[in-house]
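The values are calculated or read from the model by the stated rules, or taken from the named source; none is laboratory data. These numbers were taken from a predicted model, which means no experiment stands behind them. With ideal geometry, Cβ positions are generated from the backbone for all residues, glycine too; neighbour counts draw on all protein chains shown. In case anyone asks, the SASA skips ligands and DNA or RNA and just uses the protein heavy atoms, side chains included. Shrake-Rupley method; radii C 1.70, N 1.55, O 1.52, S 1.80 Å.
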Amino acid sequence: FPSDIIEAELFGAEKGAYTGALERRIGRFELASSGTLFLDEVGDLPLEIQLKLLRVLQEKTITRLGGNEAIPVSFRLICATNASLEDCVKAGTFRQDFYFRINVFPIHLKPLRERLEDILIFAHHFLEEYGTSFGKNIGGFSEESKRLLLSYSWPGNIRELRNAMERAIVLESQKLIQADNLPIHSSLVSAEMTFLEHLPKNYEDARSLFEKLFIKRSYVLNNGNVSAVARDTGI
């Protein structure tokens, strides 16, 4: 949003404060008074808005656009960002004093790829949510789709997982979510496809090549110790 729109949204505005302001507008700070205000992607706020937020946090008052009255506010502020605010401060895109003011009790959330135990929990939650919305009774996930969900890196975290599940449920016609309907492509699947593309078409030739590669890999891992290779491979 442009700075003036963000300012009106947060601080509110008096009637006639800007073109189209036909009545008084109550801002988010006033609405959150005695409650909690959540600012998502706080790292994207313009510098001039950061300064005004800093003043609110220090003085515990706000002034609506076009007004002169200092209105007391009391709220709990929770901020979220996907950027490193320390790096933003160094780059000059985030005020250091504002960073110190909001960095009272930081909570670091690991990315989804580092929380494998959560992926299927969230996936089942979205399955139930969208299944109800779309009137579909889908009981769960195929083993292949589970493997794909757990092997994918999820750069978009929860939002990407939610979108992937919504698409899969729209497309799915079976009782379980199939991997083909998930709009993701894991590095594991990519490696498998690359390997399969280079295998001979004849089964015996392909098996022979795989055995050679398998033994060679063990030979390298064991630094040429043939006894260790025999032990590890069972050959």
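In deg cm²/dmol and to the nearest 500, what is the mean residue ellipticity at 222 nm of the chain if only DSSP H runs of at least 4 residues count, each as -39500 (n - 2.57), divided by the residue total?
Details: 11 runs with 121 residues, N = 235.
Calculated from helices alone, the mean residue ellipticity at 222 nm is -15500 deg cm²/dmol.
How much accessible area per residue does the chain have, counting only protein heavy atoms and a probe of 1.4 Å, in square angstrom? Don't skip to the answer; put the middle values down first.
Values: 15580 Å² over 235 residues.
Computed with neighbouring chains in place, this is 66 Å² per residue.
How large is log10 of I(q)/I(0) for segment 90-176 at q = 0.10, 0.15 Å⁻¹ when the intensity is taken from the Debye formula with one equal scatterer per alpha-carbon?
-0.38, -0.64
Given Cα positions, please report Rg to Rh for the chain, the hydrodynamic radius being the Kirkwood one.
Ratio of gyration radius to Kirkwood radius for the chain: 1.19.
Over segment 20-168, what is the relative contact order in percent, taking alpha-carbon pairs closer than 8 angstrom and at least six residues apart? Intermediate values should be presented prior to the final figure.
Working: 123 pairs, mean separation 32.2, N = 149.
It rounds to 22 percent for segment 20-168.
Just to be sure I follow the rule: in the chain, considering lysines 8 or more places apart or on different chains, how many pairs have Cα atoms under 29 Å apart?
So the count works out to 13.
Using amide H atoms built in the peptide plane, which far-off residues or other-chain residues are under 5 Å from residue 39 H to H?
Sorted by chain and number, the residues that satisfy this are 78, 79, 80.
Among 75, 100, 57, whose Cα sits farthest toward the positive end of the charge dipole of the chain (+1 at Cβ of Lys/Arg, -1 at Cβ of Asp/Glu, about the Cα centre)?
Working it through, the farthest residue towards the positive pole turns out to be 100.
Could you give the nm distance between label points at residue 124 and residue 185, where each point is 7 Å from its Cα heading toward the beta carbon?
With each label placed 7 Å out from Cα toward Cβ, I get 3.1 nm.
Order of 201-211, 31-41, 70-80 by packing, highest average Cβ count within 10 Å first?
On the way: 201-211: 10.8, 31-41: 12.5, 70-80: 14.3.
Going from most to least packed, we get 70-80, 31-41, 201-211.
How many percent of the accessible area of the chain is carbon or sulfur, using a 1.4 Å probe? Show your work: numbers first, answer last.
On the way: 8350 of 15580 Å².
For the chain, the apolar C and S fraction of the accessible surface comes to 54 percent.
Determine, from the Cβ-Cβ distance of residue 174 and residue 82 and an R0 of 35 Å, the FRET efficiency 1/(1 + (r/R0)^6), rounded to the nearest 0.05. Intermediate results must be reported in sequence, preceding the final value.
On the way: r = 35 Å, r/R0 = 1.00.
After rounding to 0.05, the efficiency reads 0.50.
With +1 on each Lys and Arg Cβ and -1 on each Asp and Glu Cβ, and nothing else charged, work out how big the dipole of the chain is about its Cα centre, in Debye to the nearest 20. Kindly include the intermediate steps, with their values, before the conclusion.
Numbers: 28 positive and 32 negative charges, 70 e Å.
The dipole of the chain has a size of about 340 debye.
Students often check this: by mean Cβ neighbours within 10 Å, which of 221-234, 104-117, 125-138 ranks highest, and how do the rest follow? Show your work: numbers first, answer last.
On the way: 221-234: 12.0, 104-117: 10.0, 125-138: 13.7.
Ranking the peptides 221-234, 104-117, 125-138 by packing returns 125-138, 221-234, 104-117.
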